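Engineer: Let me give you the structure first, and then I'll get to my questions.
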Amino acid sequence: MVMDNNQFTDIIKKINQETGKFYDFLEAHNPRLPSDYWFQHPPEGLTLFLVLYTRTCRWARCLGCNLPSRESQFEVPFYDIMKQIDHIFDFVLSREQKENLRKIILSNNGSVLDEFTFSTTALIYFVAKMNMNCPNISVLTLETRPEYVDMEELEVLHRALQEGKTSTNLELAVGFEAFDDRIRNEIFNKGVSMETFESMVEKTAQYGFKLKTYFMLKPVPGMSEEAAIEDIVKGINYLDTISRQHNIEINMHLNPTFVARGTVLETEFRKGNYKPPKLESVQKVVLAAQWKQISLYIGLNDEGLAVSGGSFCGEGDEELLEKLQNFNQTGDFSFLKE
Ligand code: SF4
């Protein structure tokens with residue numbers, strides 16, 4: 001469906017009204033600068049997490065999500081997105097960082113493979129700049145909703161990623177959020193069915209690409225700590241089975257939920273109906289993934305999007321937080337058994 005700016009903003013406004021969201025979009029941002037970027041140090045090596053500034057996620061319905069508030073409700077043209085890419089490769093990354101980078105996670109707080117929000121020209125330009133500047137990248141991760149993954153794009157990306165100095169594998173990162181269908185789609189409004197997810201897995205597996213799935217611990221109000229843990233453990237077992245069936249490498253990226261500003265979760269938190277998960281629950285879930293074929297990474301950064309007191313990390317959590325950070329860097333479960 002072709003939409004102009006006005007139609008799109010009307011639709012987004014309506015979705016926000018229907019889903020009880022009350023944040024504003026970020027129109028004051030310079031469209032020639034990325035939204036954000038930071039570095040991570042997982043076992044695979046130096047990783048750049050890059051969030052480009054584009055038109056906002058057009059799904060926009062997910063219950064606790066205010067990521068669209070970091071983007072624009074208007075089109076950001078491909079030449080501006082290309083300037084953002086230039087900024088990163090020409091002014092942010094040092095020569096040493098370019099040499100050492102092993103992985104880049106590319107995001108627009110929505111779906112990089114949705115051409116309505118993220119220009120295809122800019123995506124191809126990004127791969128070209130990465131191939132030219134970063135000779136040792138082994139994985140490029142693209143964040144997207146699964147329905148935007150199509151074979152034509154995968155084919156082009158597959159070819160382009162072979163052309164760098166080191167052959168680069170593609171990882172698709174999709175939000176799954178909760179294993180339970182009712183929680184995921186009826187309460188959280190994720191709009192991702194098992195069929196859509198598994199169809200994307202099949203496409204991804206055909207190219208030998210990797211998969212990252214985002215899950216949230218305790219994503220909705222009314223969930224006990226035990227139910228939250230159980231849901232993620234079921235998710236781990238499901239992904240383990242999928243990984244074995246399709247011979248595909250899967251990473252679960254588990255985000256302990258924080259209370260995001262301007263969402264229903266904030267409203268419920270202020271009424272006393274929602275508390276973020278405990279960090280000990282994260283520890284229990286991580287231990288359930290030991291001996292599985294899938295790997296696990298814990299998202300310990302609320303990206304400044306949480307309301308005051310609405311983070312999963314509070315006073316007295318420093319020691320466990322450090323252990324979880326160590327786990328992220330090494331994949332070694334023994335830190336969490338001590
Ligand atoms: S979680 Fe992702 S798909 Fe859902 S509203 Fe947020 S950005 Fe869009």
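Engineer: Test each condition in (1) within 16 Å of LYS103 (Cα to Cα); (2) free of Cβ contacts under 8 Å to residues at least 24 places away in the same chain; (3) of a type in the set (Asp, Glu) for GLU171 and report the one that comes out false.
Structural biologist: So the condition that GLU171 fails would be (2).
Engineer: Among the numbered criteria (1) surrounded by fewer than 17 Cβ atoms within 10 Å (Cβ to Cβ); (2) in contact (Cβ under 8 Å) with a residue 60 or more places away in the chain; (3) out of contact with any Phe, Trp or Tyr (no Cβ under 9 Å at 6 or more places or on another chain), which single criterion is violated by LEU67?
Structural biologist: Tallying (1) surrounded by fewer than 17 Cβ atoms within 10 Å (Cβ to Cβ); (2) in contact (Cβ under 8 Å) with a residue 60 or more places away in the chain; (3) out of contact with any Phe, Trp or Tyr (no Cβ under 9 Å at 6 or more places or on another chain), LEU67 fails exactly one: (1).
Engineer: What pairs come up if the first residue lies in segment 315-333 and is of a type outside the set (A, V, I, L, M, F, W, C), the second is in a helix (DSSP H, G or I) and surrounded by 11 or more Cβ atoms within 10 Å (Cβ to Cβ), and their beta carbons are under 6 Å apart, counting only those six or more places apart or on different chains?
Structural biologist: ASP317/LEU279; LYS323/PHE335; LYS323/LEU336; ASN326/PHE335
So that you can scan it fast, the table gives a plain yes or no per residue for (1) buried (at least 20 other Cβ atoms within 10 Å of the Cβ); (2) in contact (Cβ under 8 Å) with a residue 24 or more places away in the chain:
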residue: LYS83; (1), (2): no, yes
residue: ASP90; (1), (2): no, no
residue: GLN97; (1), (2): no, yes
residue: LEU106; (1), (2): yes, yes
residue: ASN109; (1), (2): yes, yes
residue: THR117; (1), (2): yes, yes
residue: TYR125; (1), (2): no, yes
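Engineer: Of everything in segment 209-251, what is over 26 Å from SER311 (Cβ atoms), outside any helix (DSSP H, G or I) and aromatic (Phe, Trp, Tyr)? Give them in sequence order.
Structural biologist: Scanning segment 209-251 gives a single hit, PHE209.
Engineer: While we're on this one: Can you tell which of THR241, THR196 is among the hydroxyl-bearing types (Ser, Thr, Tyr) and within 16 Å of the ligand (Cβ to nearest atom)?
Structural biologist: Working: THR241 fails: within 16 Å of the ligand (Cβ to nearest atom).
One residue alone meets the criteria, THR196.
Engineer: Looking at this structure, is LYS203 more than 20 Å from TYR297 (Cα to Cα), touching an Asp or Glu at 6+ places or on another chain (Cβ under 7 Å), of a type in the set (Lys, Arg) and modelled with pLDDT of 95 or more?
Structural biologist: Judged against the criteria, LYS203 is not a match.
Engineer: Considering THR213, THR241, which residue is within 28 Å of LEU157 (Cα to Cα) and over 21 Å from the mean Cα position of the chain (by Cα)?
Structural biologist: Sole residue among the options that is within 28 Å of LEU157 (Cα to Cα) and over 21 Å from the mean Cα position of the chain (by Cα): THR241.
Engineer: Quickly run through segment 297-338 and pick out the residues that are buried (at least 16 other Cβ atoms within 10 Å of the Cβ), more than 28 Å from VAL264 (Cα to Cα) and at pLDDT 90 or above.
Structural biologist: Matches in segment 297-338: LEU320, LYS323, LEU324, PHE327, ASN328.
Engineer: Scan segment 20-38 residue by residue and report those that are within 22 Å of PHE89 (Cβ to Cβ) and in contact (Cβ under 8 Å) with a residue 24 or more places away in the chain.
Structural biologist: HIS29, PRO31, ARG32, LEU33, PRO34, SER35, ASP36, TYR37, TRP38
Engineer: Name the single residue that is farthest from GLU315 (Cα to Cα) among those in segment 252-300 being of a type in the set (S, T, N, Q) and part of a strand (DSSP E or B).
Structural biologist: SER295
Engineer: Also, quick follow-up: Suppose we filter segment 244-281 for residues that are among the hydrophobic types (A, V, I, L, M, F, W, C) and either more than 24 Å from LYS212 (Cα to Cα) or at pLDDT below 95 (or both); how many remain?
Structural biologist: Residues that pass the stated criteria total 7.
Engineer: Let me ask something else. Please work out if GLU75 is in contact (Cβ under 8 Å) with a residue 24 or more places away in the chain, under 18 Å from ASN131 (Cβ atoms) and more than 19 Å from the chain's Cα centre (by Cα).
Structural biologist: Spelling it out, it is not the case that GLU75 is in contact (Cβ under 8 Å) with a residue 24 or more places away in the chain, under 18 Å from ASN131 (Cβ atoms) and more than 19 Å from the chain's Cα centre (by Cα).
Engineer: Take the residues of segment 127-142 that are without any contact (Cβ under 8 Å) to a residue 60 or more places away in the chain and touching a strand residue (DSSP E or B) at 6+ places or on another chain (Cβ under 7 Å): which is surrounded by the most Cβ atoms within 10 Å (Cβ to Cβ)?
Structural biologist: Across segment 127-142, the extreme among qualifying residues is LEU142.
Engineer: Continuing with the same structure: So which residues in segment 152-178 are within 16 Å of the ligand (Cβ to nearest atom) and over 17 Å from VAL112 (Cα atoms)?
Structural biologist: Matches in segment 152-178: GLU177, ALA178.
Engineer: Do the conditions hold for GLN17, that is, is it in contact with a strand residue (DSSP E or B) (Cβ under 9 Å, 6 or more places away or on another chain), surrounded by fewer than 20 Cβ atoms within 10 Å (Cβ to Cβ), free of Cβ contacts under 8 Å to residues at least 60 places away in the same chain and not β-branched (Val, Ile, Thr)? Steps first, please.
Structural biologist: Details: in contact with a strand residue (DSSP E or B) (Cβ under 9 Å, 6 or more places away or on another chain): no; surrounded by fewer than 20 Cβ atoms within 10 Å (Cβ to Cβ): yes; free of Cβ contacts under 8 Å to residues at least 60 places away in the same chain: yes; not β-branched (Val, Ile, Thr): yes.
No; evaluated as a whole, the condition is false for this residue.
Engineer: Is it fair to say LEU101 is within 14 Å of the ligand (Cβ to nearest atom) and surrounded by 20 or more Cβ atoms within 10 Å (Cβ to Cβ)? Working first, answer last.
Structural biologist: Working: within 14 Å of the ligand (Cβ to nearest atom): no; surrounded by 20 or more Cβ atoms within 10 Å (Cβ to Cβ): yes.
For LEU101, the condition - within 14 Å of the ligand (Cβ to nearest atom) and surrounded by 20 or more Cβ atoms within 10 Å (Cβ to Cβ) - is not met.
Engineer: Restricting the search to segment 36-73, which residues are in contact with a Leu (Cβ under 7 Å, 6 or more places away or on another chain) and within 12 Å of the ligand (Cβ to nearest atom)?
Structural biologist: CYS57, LEU63, GLY64, ASN66, SER69, ARG70, GLU71
The values are calculated or read from the model by the stated rules, or taken from the named source; none is laboratory data. This one's a predicted model, so the numbers in the text were calculated from it and none came from an experiment. Backbone-built Cβ (ideal geometry, glycine too); neighbour counts: all protein chains shown.
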